[in-house]
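Before any comments, here is the structure.
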Amino acid sequence: MKPNANSRRFLTLRRAHGYHASMSKYPFSDIEQKWQSHWETAKTFRAKEDSAFPKNKRAYVLDMFPYPSGDGLHVGHPEGYTATDIYCRFLRMNGYNVLHPMGFDSFGLPAENFAIKTGTHPRITTAKNIKTFVSQIKSFGFSYDWDRNLTTHSPEYYKWTQWIFLKLYEKGLAYEAEAPINFCSSCKTGIANEEVKEGRCERCGQLVERRNLRQWMLKITAYADRLIEDLEDLDWPDSVKTMQKNWIGKSEGANVMFRIDPSDNPELEGEVLEVYTTRPDTLFGATYMVMAPEHPLVDRLTTPAQKSAVDEYIHTSAMKSDLERTDLAKDKTGVFTGGYAVNPVNGEKIPIWISDYILISYGTGAIMAVPAHDQRDWEFARKFNLPVIEVLKGGDIDTEAFTEDGPHVNSSFLDGMGKQEAIDTIISWLEERELGTKAVNYKLRDWLFSRQRYWGEPFPIVHCPSCGVVTIPENELPLVLPDIESYEPTGNGESPLARIEEWVNCSCPKCGGKARRETNTMPNWAGSCWYYLRYIDPQNTNAFVDPEKEQYWMPVNLYVGGSEHTVLHLLYARFWHKVLYDLGLVSTREPFQRLINQGMITSFAYERQNKTLVPVDEVEETGPDSFVEKSTGEPLTRVIAKMSKSLKNVINPDDIIKEFGADSFRIYEMFMGPLQVSKPWSTSGLTGVFRFLDRVWRTGEKPLSDAPVPPEVEKLLHKTIKKVTEDTGALEFNTAISQMMIFINEAYKLNEINKDMWEAFLLLLNPYAPHITEELWQKCGHDSSCAYESWPVYTPELTVDDTVTIVVQVNGKLRAKFEAPRDMQQEEMKTHALSLERIQELTEGAQIRKVIAVPGKLVNIVVT
RNA sequence: GCCGGCGUGGUGAAAUUGGUAGACACGUUAGACUCAAAAUCUAAUGGAAGUAAUUCCAUGUCGGUUCGAUUCCGACCGCCGGUACCA
């Protein structure tokens with residue numbers, strides 16, 4: 001998974017504010033190193049499949065693994081990782097057996113592009129980057145079971161990626177196709193529709209062109225219905241479910257056969273043009289047909305008189321990129337072919353046009369146009385003066401197409417019916433006469449599963465002149481990626497592997513004759529489609545996962561990652577998982593039971609009047625919320641933007657840890673706001689949590705004793721336990737932290753600290769700030785880690801106050817307050833409120849219409 | 001355009017089975033400590049008026065429901081993310 005932003009050293013506004021963490025005596029650096037190496041050598045967080053834990057006391061908590069880019073970790077990564085780490089530590093202390101692994105999505109283009117530039121083998125670059133990532137991730141003190149670490153580029157791992165591909169192939173879900181694909185001339189590779197952003201390559205920004213190349217495709221469309229249906233039972237955000245549904249884009253309608261009129265060209269006798277429509281009920285309103293320029297019938301339908309115009313149109317649309325084709329959307333273009341079709345319901349002869357607003361890849365690549373009831377058809381008809389026939393009453397078809405429901409007119413046997421009834425009727429009518437069928441279409445296309453690249457999994461496939469496509473036997477896996485001399489693509493669209501003669505030429509596993517290996521490699525998504533299963537049993541050499549272990553841990557109870565993977569990664573992984581489920585290889589229908597998208601960490605940026613952005617180092621703060629550009633003095637507005645190198649607002653986590661410590665970093669990222677929303681980084685905000693931890697440290701230096709806890713502090717402790725327990729379980733870390741701040745602000749005022757109270761607080765704080773709390777726990781006289789201590793419990797009676805403040809309102813406005821016992825009854829509240837001097841003043845002379853009392857809250861007096 | 005999300009102090013934010021708007025934190029101001037500064041500690045801090053008690057205004061805008069709306073409903077405005085003629 002690729003990072004969105006790149007980390008780079010950045011001098012923060014911290015110095016301007018004069019705050020420097022090293023001025024304090026809290027020795028975070030020593031403590032953090034000490035405990036990190038303790039956890040590592042003691043293997044504190046190793047997960048075992050211990051049957052003593054019942055199923056409901058096991059938790060699989062997963063982070064989306066990173067692509068190990070050369071830029072290292074940026075501040076966005078640790079946000080999700082910290083959240084899951086806090087949750088895991090919390091669960092362990094609550095008696096759960098927790099599986100919490102980390103690994104690397106280590107095949108991918110950047111390492112290969114670097115190889116092209118420098119000649120360094122991607123394996124070397126990747127290993128180096130992973131080393132950096134591991135040490136960076138470890139510096140946060142996350143409680144991963146590092147023994148389960150995996151990398152998708154290692155042969156031990158991709159052996160099983162290849163093995164799963166063979167299963168897909170055996171099931172008929174992988175096939176070859178010669179298809180026009182998006183080709184990036186800069187990456188020299190084919191790319192999926194999903195990787196084309198606004199007509200440009202998502203990775204390099206190059207305009208994408210179309211090319212015909214032989215490709216491997218995965219039949220994800222065969223699972224479209226189940227991918228929609230099974231969303232139902234998942235504990236995922238509704239927005240993600242909706243996006244996946246929209247992406248799959250199921251629509252129901254009918255395929256309708258239109259006979260081609262052969263009167264001008266006898267060769268067309270018996271030829272049929274099939275269209276897909278969601279509105280077969282409007283068939284009587286079809287006044288023309290439109291085919292995609294790429295439609296196979298275009299050539300034969302075109303009359304000699306129209307040939308030059310049609311050829312030219314086909315040529316221009318082929319030259320257009322997808323971007324241009326869609327950009328010109330508002331202004332419809334098209335050409336008449338000269339051919340005619342016959343409307344099956346009434347025998348009318350209607351002209352056939354071609355236009356690039358019809359996509360060859362959707363439906364049948366041709367439509368019947370009903371301009372009265374489809375806006376696109378309406379625009380097209382208006383431009384080319386084609387007739388418009390109203391077949392549903394209710395709209396004004398002179399101004400726009402009417403797409404709502406209404407009674408049918410001009411439609412013979414459908415007249416008077418509503419939309420749904422007419423659809424059902426016409427479909428049966430068509431089916432009886434074999435002129436059409438009910439049909440379902442999806443926006444989802446099959447998954448283009450090959451890349452003409454080096455740094456990916458080789459396909460376990462051989463092409464034999466006599467046997468055709470032959471799979472490599474399972475016992476010969478992995479098919480190892482060979483070393484090569486040059487990483488440059490061949491330019492004709494083949495992968496660099498095609499140049500290694502001794503690798504490409506092989507013998508056919510079936511007939512032993514001369515054969516050639518498949519030279520495409522798998523896309524980056526392949527490895528990330530099943531990594532969560534391999535963590536369960538990463539060393540297994542006999543199977544991709546042991547079934548018993550799989551059943552022990554699956555499904556993933558909580559999956560946390562960025563929303564950029566909402567559609568693709570999550571859809572692809574669900575697809576593979578369902579295939580494995582159908583093969584009886586995994587026990588759950590879905591891989592990820594609960595999903596959370598963490599928000600993006602953004603940054604402040606400064607905008608000129610003309611909406612251009614100024615790099616942070618060019619900005620001067622002249623007052624509260626007022627900023628000017630240093631060089632020009634132009635006033636600037638502070639806005640929120642993504643971190644970017646050019647704006648110089650990228651934060652490097654290493655710098656922050658060095659200056660403030662990992663515990664501060666962890667708590668700050670959680671304190672910024674709710675996990676799910678995006679929030680701007682502010683280093684000055686970080687000082688607040690640093691002060692909090694420093695205050696914890698100083699409180700820990702006070703004498704510990706068994707001195708009685710003042711009653712109000714004891715109550716505060718129990719309220720804090722309650723709030724932190726509830727909020728941590730609900731992943732509402734920001735409010736839990738705020739409650740712990742409230743507690744420490746009181747506790748540090750005491751001269752002596754009660755040991756039991758202090759230990760309870762340390763355990764509450766431990767998931768958030770594991771290093772400082774381990775150290776303070778040890779100072780309390782314990783000689784082992786507190787990672788598996790029992791979570792503190794609160795006494796419910798101590799979490800509520802005996803007296804509450806009752807608010808008195810007059811006509812809904814706050815006018816007075818009084819203290820009352822928590823259980824004061826409504827009548828007494830009313831009497832007391834009305835007796836208050838202030839209220840008597842305000843209600844004097846007025847008529848009291850009504851008095852409302854809400855126990856424990858307020859009294860509202862309505863007067864006129 | 002469509003789909004999804006979000007609009008609260010100078011800043012990050014809190015509070016919703018409808019019941020004290022602004023917890024906690026940053027910043028700012030004043031004070032203590034200090035030769036001085038930093039750090040630390042104490043206090044104040046939504047806006048306006050008033051010596052004060054207190055009053056008025058305030059959760060994007062307008063309207064509705066209600067004794068009472070940041071919370072529910074309707075319309076609109078703005079921002080962010082996704083998507084692109086899917087017949």
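The values are calculated or read from the model by the stated rules, or taken from the named source; none is laboratory data. Note that the structure is a prediction, hence the values are computed from the model and not measured. Please note: Cβ atoms are built from the backbone with ideal geometry, for glycine as well, and neighbour counts cover all protein chains shown. SASA here: full protein model, heavy atoms, side chains in, ligands and nucleic acids out. Shrake-Rupley method; radii C 1.70, N 1.55, O 1.52, S 1.80 Å.
A:K393 contributes an accessible area of around 100 Å² to the protein surface, as traced by a 1.4 Å probe with all chains present. Ranking of A:F413, A:F165 by solvent-accessible surface, largest first: A:F413, A:F165 (1.4 Å probe, protein heavy atoms only, all chains present). Looking at region A:739-864, what % of the alpha carbon pairs are farther apart than 26 Å? Of all Cα-Cα pairs in region A:739-864, 49 percent lie more than 26 Å apart. Seen from all directions on average, region A:459-587 presents a Cα convex hull projection of 10.6 nm².
Across every pair of non-identical alpha carbons in region A:73-180, the mean reciprocal distance, once inverted, gives a Kirkwood radius of 16.9 Å.
In whole percent, and with a 1.4 Å probe on the protein chains, what portion of the accessible area of region A:365-473 is carbon and sulfur?
48
Note on region A:659-797: Cα convex hull, mean projected area over all directions, 8.5 nm².
Do the alpha carbons of any pairs in A:K749/A:K817; A:K332/A:K419; A:K188/A:K320; A:K719/A:K749; A:K48/A:K138; A:K722/A:K857 sit beyond 24 Å of each other, and which pairs?
Violating the 24 Å limit, Cα to Cα: A:K749/A:K817; A:K332/A:K419.
Protein heavy-atom accessible surface, 1.4 Å probe, per residue over region A:429-499: 44 Å². Counting only heavy atoms of the protein chains and using a 1.4 Å probe, A:I116 has close to 50 Å² of accessible surface. Spin-label model, A:Q33/A:N475: points 7 Å from Cα along the beta carbon direction are separated by 5.3 nm. When every Cα-Cα distance of region A:372-417 is counted in 5 angstrom steps from zero, the calculated P(r) takes the values 6, 25, 30, 21, 13, 5, 1 percent. Based on DSSP H segments of at least four residues, each scored -39500 (n - 2.57), chain A has a per-residue ellipticity at 222 nm of -10000 deg cm²/dmol.
For region A:773-864, the fraction of 1.4 Å probe accessible surface lying on carbon and sulfur atoms is 48 percent. Peptides A:683-691, A:284-292 ordered by packing proxy, namely the average of other Cβ atoms within 10 Å per residue, highest first: A:284-292, A:683-691.
For A:T132 and A:D398, the difference between the fully extended length at 0.36 nm per residue and the C-alpha to C-alpha distance is 89.2 nm. The distance from the alpha carbon centre of region A:209-226 to that of region A:414-444 is 29 Å, rounded to a whole number.
The solvent-accessible area of A:R822, taken with every protein chain present and a 1.4 Å probe, is close to 110 Å².
Evaluate 2.2 N^0.38 Å with N set to the residue count of region A:247-301, then give the Cα radius of gyration divided by it. Provide the component values of the computation, followed by the final result.
Values: Rg = 13.4 Å, N = 55, 2.2 N^0.38 = 10.1 Å.
Cα Rg divided by the expected 2.2 N^0.38 Å: 1.33.
For region A:683-736 and region A:543-565, compute the distance between their C-alpha centroids and round to whole Å. Rounded to whole Å, the Cα centres lie 34 Å apart.
Kirkwood-type hydrodynamic radius, region A:250-442: 17.0 Å, calculated from all non-identical alpha-carbon pairs. Of the solvent-accessible surface of region A:602-674, computed with a 1.4 Å probe over protein heavy atoms with every protein chain present, carbon and sulfur atoms account for 52 percent. Take the Cα radius of gyration of chain A and divide it by 2.2 N^0.38 Å, N being the number of residues; the result is 1.18. Compared with the direct C-alpha span, the chain from A:K443 to A:T242 gains 70.9 nm at full extension, assuming 0.36 nm per residue. Inter-part distance, region A:55-92 to region A:518-535, computed on C-alpha centroids, equals 21 Å.
The C-alpha atoms of chain A define a longest principal axis, and helix A:770-779 lies at about 20 degrees to it.
Peptide packing for A:602-613, A:563-574 was compared via the average number of neighbouring C-beta atoms within 10 Å per residue; ordered from the highest value, the list is A:563-574, A:602-613.
Rolling a 1.4 Å probe over the protein heavy atoms gives region A:61-172 an accessible area of 27 Å² per residue.
Summed over the residues of region A:659-797 and divided among them, the accessible surface reaches 37 Å² per residue at a probe radius of 1.4 Å. Antiparallel beta bridges, as assigned by DSSP with both residues in chain A, represent about 75 percent of the total such bridges.
If R0 is 56 Å, what FRET efficiency do you get for A:K658 and A:E431 from their C-beta distance, rounded to 0.05?
Efficiency, from the Cβ-Cβ distance: 0.15.
Calculate, for A:I848 and A:V800, the FRET efficiency according to 1/(1 + (r/R0)^6) with r their C-beta to C-beta distance and R0 51 Å; round to the nearest 0.05.
0.95
One decimal place: the segment A:N542-A:L750 gains 68.8 nm when fully extended, by the rule 0.36 nm per residue minus the C-alpha distance.
When chain A is described by a simple charge dipole with +1 on each Lys and Arg Cβ and -1 on each Asp and Glu Cβ, the residue from A:V240, A:F692, A:L717 located farthest towards its positive end is A:F692.
In µm²/s, what is D for region A:801-863 at 20 °C and 1.002 mPa s, where D = kT/(6 pi eta Rh) by Stokes-Einstein and Rh is the Kirkwood radius from Cα pairs?
The diffusion coefficient I find is 188 µm²/s.
For A:K159, the lysines whose Cα falls under 21 Å of its own Cα, not counting residues fewer than eight places away in the same chain, are A:K167, A:K171, A:K510, A:K549, A:K578.
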